[in-house]
Amino acid sequence: MAEHKYDVVVLGSGAAGEKGAAQAAYFGKKVAMVERDYYLGGATAGTTVPSKTLRETAMALSGVRARQLHGVDISLRGHVTVQDFLHHEKVVKQTERNRVQFNMDRHKVDIFKGAGRFKDPHRIEILAPGKQPDILYGDVILIATGSSPRRPDEFPKDGRIYDSDSILQMKQMPKSLCVVGGGVIGCEYACIFAALDVDVSLIHGRDILLDFLDRDISYALRNAMEKMGVTLLMPQRLAGVTAEKDGIHLKLASGDVRIVDAVMLATGRQSNTGDLNLEVAGVELGKYGLIKVNEDYQTNVPHIFAAGDVVGAPALASTGMEQARFAMIKGLKLPNYKNAVAPILPAGIYTIPECSSAGLTEEQCREKGIKAVSGTAKYGQNARGMIIGDYDGFLKLVFRWDDMKLIGVHVIGEIASELVHTGLCAMTMGATNELFINTCFNYPTLGELYKYATYDAMGKKAKLEAEEKASKS
């Protein structure tokens, strides 16, 4: 049984594992990575990137991006096969996996394939079929094993019932699909299949979709999904599920029964910690196997850190990367390179239309007692928005009342997850409305929306101040 000593041992090769390993290796540390799957990349390469690829495929095959070409119908959705749908996904997935492998190779990270588990607080045992176990000793250990779909017990095992992992192996395109769960994953897949003319319904237990979003964005997304043909069953709860010859029978708490060809479960995720033997290391766990960490992403065991989905919300690839980089800087006491995880974290939701946000919503401002004013600019009143045919999208900016400091950016529409970064950078630098008023944006671009949303907020504030002044006189 061979034992190898490393400065850092990383468990998992997804977004957090890759960036944590690269960060440590960048500063000359000897790093080992343990991955149980054949390919590197984890769920990021296996499901996150593929799901976004499927969205692009659906947009292309359905002709959504050619929506305003008069007299032209390039939609292929009525003729789409599973092979058409999944072909580009497979290519992109393999390319992303190759990229992760190349990144680890160029950073000289040693890769160990097999299931890793703690033998003691510093030692990881790696079990692989047909091989003697390897033992890795790590001065610092980073747990980045990600999460997996959580499947409620009431759902029978049936090939027509998918989750966000198994749906990528579907054999035929369903005519009807019910998505159970109205979170980010559920909404994204509902939009993807609706764009391909699948009869989609979505069961959600609340009366608001994605309630962490600004309400204006959430309501606009709901309207857009219904316009696409998604039947939103909300607030509704599932009372029973049976798999029959004619389809999957879903009984709702209201008494209604829906019969569909396939079901997509988006019922939450659980951390991949069950096989790590964490009790031997003394690492404390929370609900659904989440690893408890402090602000430095350090567990209760000082040399063991965790990042990414395995520690819970916000459970985004982008945040996992930042968490892992920061954890390695703290764990290895690296030079003054990064003093904190990014103070404002963006969220990108790849529905159709796309949504993205950063900073505070108007609702959060009210809850916190922050006086704020918002401004909105619509894609349909922007030259670039009209060119691309997106008349319903909009950008919403939230400013602090007293000094007009930007404190929130919210977008729904084409390239929302790209457009949000302008506002994100502005907030990170503590910018006020003057930044956008004094900036010259290319024309025609969606970037111009920032100037006009700012004008709108300034106009609202001036009007309210005038009304207040008049009421006092």
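The values are calculated or read from the model by the stated rules, or taken from the named source; none is laboratory data. Here the structure is a predicted model, which is why all the values come from computation and not from measurement. Using ideal geometry, Cβ is built from the backbone for each residue, glycine included, and neighbour counts are taken over all protein chains shown. Remember, those area values only see protein heavy atoms, side chains included, never the ligands or the DNA or RNA. Shrake-Rupley method; radii C 1.70, N 1.55, O 1.52, S 1.80 Å.
Does residue 351 qualify as being buried (at least 17 other Cβ atoms within 10 Å of the Cβ) and over 24 Å from residue 153 (Cβ atoms)?
Numbers: buried (at least 17 other Cβ atoms within 10 Å of the Cβ): yes; over 24 Å from residue 153 (Cβ atoms): yes.
Yes.
Pick from the range 111-159 the residues that are β-branched (Val, Ile, Thr) and in a strand (DSSP E or B): which of them is most open to solvent (accessible area, probe 1.4 Å)?
Kept after step one, since they are β-branched (Val, Ile, Thr), are these residues of the range 111-159: 111, 124, 126, 135, 140-141, 143, 145.
Imposing the further condition that a residue be in a strand (DSSP E or B) reduces the set to 111, 124, 126, 135, 140-141, 143.
Numbers: 111: 49, 124: 0, 126: 6, 135: 7, 140: 11, 141: 0, 143: 0 Å².
Selected residue: 111.
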- request: Quickly run through the range 1-52 and pick out the residues that are of a type in the set (Ser, Thr, Tyr) and open to solvent by less than 30 Å² (accessible area, probe 1.4 Å).
  value: 6, 13, 44, 47, 51
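Can you tell which of 354, 363, 367 is without any contact (Cβ under 8 Å) to a residue 60 or more places away in the chain and among the acidic types (Asp, Glu)?
367
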task: Mind listing whichever residues of the range 420-452 are within 28 Å of the chain's Cα centre (by Cα), assigned to a loop (DSSP other than H, G, I, E, B) and closer than 16 Å to residue 378 by Cβ?
output: 445
message: Which pairs turn up if I take residues in the range 327-343 that are within 12 Å of residue 28 (Cα to Cα) and look for partners that are of a type in the set (A, V, I, L, M, F, W, C) and in a loop (DSSP other than H, G, I, E, B) with beta carbon separation below 6 Å, at least 6 apart in sequence or on another chain?
response: 334/27
- request: Mind listing just one residue for me: the one in the range 367-419 that is among the small types (Gly, Ala, Ser) and in a loop (DSSP other than H, G, I, E, B) and, of those, farthest from residue 443 (Cα to Cα)?
  value: 369
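Would the range 149-169 turn up any residue that is among the hydroxyl-bearing types (Ser, Thr, Tyr) and closer than 23 Å to residue 244 by Cβ?
Just the residues of the range 149-169 that are among the hydroxyl-bearing types (Ser, Thr, Tyr), to begin with: 162, 164, 166.
Now restrict to residues that are closer than 23 Å to residue 244 by Cβ: 162, 166.
Checked against the condition, which is being among the hydroxyl-bearing types (Ser, Thr, Tyr) and closer than 23 Å to residue 244 by Cβ, the range 149-169 yields at least one hit.
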query: Across the range 253-264, what is the number of residues that are under 13 Å from residue 179 (Cα atoms) and assigned to a strand (DSSP E or B)?
result: 6
- request: Among the residues of the range 273-292, write down those that are surrounded by 23 or more Cβ atoms within 10 Å (Cβ to Cβ) and either among the polar types (S, T, N, Q) or closer than 28 Å to residue 188 by Cβ (or both).
  value: 291
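Using the structure shown, decide if residue 276 is over 30 Å from residue 117 (Cβ atoms) and part of a loop (DSSP other than H, G, I, E, B).
no
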- line: Checked 454, 376 against criteria (hydroxyl-bearing (Ser, Thr, Tyr), open to solvent by less than 80 Å² (accessible area, probe 1.4 Å), more than 30 Å from residue 191 (Cα to Cα) and touching a residue at least 24 places away in the same chain (Cβ under 8 Å)); the one match is 454
message: Could you tell me how many of the residues in the range 299-322 are farther than 17 Å from residue 44 by Cα and open to solvent by 50 Å² or more (accessible area, probe 1.4 Å)?
response: 2
message: Show the residue pairs meeting these rules: Cβ distance below 9 Å; 6+ apart or different chains; first residue within the range 186-205 and at positive phi and touching a residue at least 60 places away in the same chain (Cβ under 8 Å); second residue open to solvent by 10 Å² or more (accessible area, probe 1.4 Å) and hydrophobic (A, V, I, L, M, F, W, C).
response: 197/80
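Do the conditions hold for residue 326, that is, is it surrounded by 15 or more Cβ atoms within 10 Å (Cβ to Cβ), of a type outside the set (A, V, I, L, M) and within 20 Å of the chain's Cα centre (by Cα)? Talk me through it step by step, then tell me what you get.
Numbers: surrounded by 15 or more Cβ atoms within 10 Å (Cβ to Cβ): yes; of a type outside the set (A, V, I, L, M): yes; within 20 Å of the chain's Cα centre (by Cα): yes.
Spelling it out, residue 326 is indeed surrounded by 15 or more Cβ atoms within 10 Å (Cβ to Cβ), of a type outside the set (A, V, I, L, M) and within 20 Å of the chain's Cα centre (by Cα).
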- prompt: Taking the range 160-180, which residues are buried (at least 19 other Cβ atoms within 10 Å of the Cβ) and touching a strand residue (DSSP E or B) at 6+ places or on another chain (Cβ under 7 Å)?
  reply: 161, 162, 163, 164, 167, 174, 177, 178, 179, 180
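Is there a residue in the range 63-80 that is part of a helix (DSSP H, G or I), under 27 Å from the mean Cα position of the chain (by Cα) and either loosely packed, with under 13 Cβ neighbours inside 10 Å or at pLDDT 90 or above (or both)?
No, there is no match, as no residue in the range 63-80 is part of a helix (DSSP H, G or I), under 27 Å from the mean Cα position of the chain (by Cα) and either loosely packed, with under 13 Cβ neighbours inside 10 Å or at pLDDT 90 or above (or both).
Out of the residues in the range 1-57 that are among the acidic types (Asp, Glu) and outside any helix (DSSP H, G or I), which is farthest from the chain's Cα centre (by Cα)?
Quick first cut of the range 1-57, residues among the acidic types (Asp, Glu) only: 3, 7, 18, 35, 37, 56.
The next check asks that each one be outside any helix (DSSP H, G or I); those that pass are 3, 7, 35, 37.
On the way: 3: 37, 7: 31, 35: 22, 37: 22 Å.
Across the range 1-57, the extreme among qualifying residues is 3.
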